[in-house]
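Participant: The structure follows.
Read-outs: derived from the displayed coordinates by stated rules, not from any lab. Only a predicted model underlies this, so the values are computations on that prediction, with no experimental measurement involved. With ideal geometry, Cβ positions are generated from the backbone for all residues, glycine too; neighbour counts draw on all protein chains shown.
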C-alpha cells in the first residue's frame, strides 16, 4: 500500500535512534535514547520494546521494522554476530524483539553500514544507481557495495572490511585488529590522531599539542596550513584514494558515496588529493565511469527503515 510506513532503529555504542518513515524517506517521527552499552542484553531489549510498541500502537500502517547494528550480522537468521561496542556475541536480536511486539511484523536486521548504503540507494545520493560503493569515514573505516541493485554479501557476513586491508604490514602503525598498517590506522578519525601523535616529534613548530590532539584540531589546523596537520590529512586522502582505486577496479561502480563524520568535516581537504590518488591507480575505463559524492542522508535510523523496502524490492526481482 502506498501509505505504508516502516520503523527504523539504529543501535550505536552511545545512542539508539528510532524513526518512522514512508517509502519516499519522509520522517514522521524521530526519537533517541542513550544506549547504555554496559547494560545486559535483557535490559537493552526491554528499553527497545518500550519504544517500539507505542509506535506500533500509534501508527497502524507500520508494515515492518528495520534494525541496523554495528559489526557483522547474519541477516538471514537475524543474529548480531559480534557487536563489540555493545558486548554482544551471537545475539538473536530479531527473534527476541519479535516475541515481544504488540503485533506480528517482519523485522529486518543488518549491519549499520549496509543499512546506510541501502538508505542512500532508496532515499539519497545513490537513488537510481545500480552499482555503487558506500564508505563510512568516521572514527573507523567501513564500507558496503551494491552491485546490480543487490547488496554484496560475504561467506562469514563480514564483507567489505576495507578498513582492515593493510597498506604497510611491516612498518605501519598497530591496528586494533592486531595487524600493522591497516587503512583504518591512516584514513579514519582515530587513525589521523594516531598518525599525528606518531609524527609530532618531527614537527617541532606544529601548533598541534600531543596532550590535546583531536580530529577537530587536525582538520582546523590543516585548513590553516599547519605542516603536521596537512601531512596527516594528505596521508589520509592518499590512503582513501588507494582504497577507492582497489574497489573501482574490483567492483566497477558508477558512484562512490562518502559518509561519516570525518568525511563530512574534512571533504574540502580530502576531495582533490583523494581523486588524484584514485586516478593514478585506476584502470582508465573504470575511472571514467565513476563519480564521487558525499552522502545525502545523515540519519542511521532512516537507513535502517529502508531495509524493509529493500527486502520488498529484492523479493520482487527475478
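Participant: So what is the diffusion coefficient of the range 130-294 in µm² per second by Stokes-Einstein at 37 °C and 0.692 mPa s, using a Kirkwood Rh over Cα pairs?
Facilitator: Once the numbers are plugged in, D ends up at 204 µm²/s.
Participant: Sticking with this one: Roughly speaking, what is the stretch gain from residue 285 to residue 60, that is 0.36 nm per residue apart minus the C-alpha to C-alpha distance, in nm to one decimal?
Facilitator: Working it through step by step, the gained length comes to 76.0 nm.
Participant: Under a 10 Å cutoff between Cα atoms, tell me which one of 299, 202, 168 has the largest fluctuation in the Gaussian network model of the chain.
Facilitator: 202
Participant: What does the convex hull of the Cα atoms of the range 117-197 come to per residue, in Å³, rounded to a whole number?
Facilitator: About 100 Å³ per residue, rounded to a whole number.
Participant: Tilt of helix 41-58 relative to the longest C-alpha principal axis of the chain, in degrees (0 to 90, nearest 10)?
Facilitator: 60
Participant: Continuing with this model, one more query. Distance in nm between label sites at residue 85 and residue 275, each 7 Å beyond Cα in the beta-carbon direction?
Facilitator: Label-label distance for residue 85 and residue 275, simple model: 3.1 nm.
Participant: Something else now. Quick one: if the Förster radius is 22 Å, what FRET efficiency do residue 77 and residue 49 give, using the C-beta to C-beta distance and rounding to 0.05?
Facilitator: 0.60
Participant: With the Cα gyration tensor of the chain in hand, give its eigenvalues times 5 under a square root as the equivalent ellipsoid semi-axes, listed largest first in whole angstrom.
Facilitator: Working through the eigenvalues yields semi-axes of 35, 23, 17 Å.
Participant: If the viscosity is 1.567 mPa s and the temperature 4 °C, what Stokes-Einstein diffusion coefficient in µm²/s follows for the range 1-116 when Rh is the Kirkwood radius over Cα pairs?
Facilitator: D = 91 µm²/s.
Participant: Still on this structure, I have one more. Given the Cα-Cα distance of residue 27 and residue 210 and 0.36 nm per residue of separation, how much length would full extension add, in nm?
Facilitator: Working it through step by step, the gained length comes to 61.6 nm.
Participant: State the extension gain, in nm to one decimal, for the chain segment bounded by residue 177 and residue 127, taking 0.36 nm per residue of separation less the distance between their alpha-carbons.
Facilitator: Stretched fully, the residue 177-residue 127 segment lengthens by 14.6 nm.
Participant: Which residue, 137, 230, 20, tops the fluctuation ranking in a GNM of the chain built on C-alpha contacts under 10 Å?
Facilitator: 230
Participant: Share of antiparallel DSSP beta bridges in the chain, in percent to the nearest 5?
Facilitator: 60
Participant: If I fit a long axis through the Cα atoms of helix 300-316 and take the longest principal axis of the Cα atoms of the chain, what angle between them do I get, 0 to 90°, rounded to 10?
Facilitator: The angle comes out near 60 degrees.
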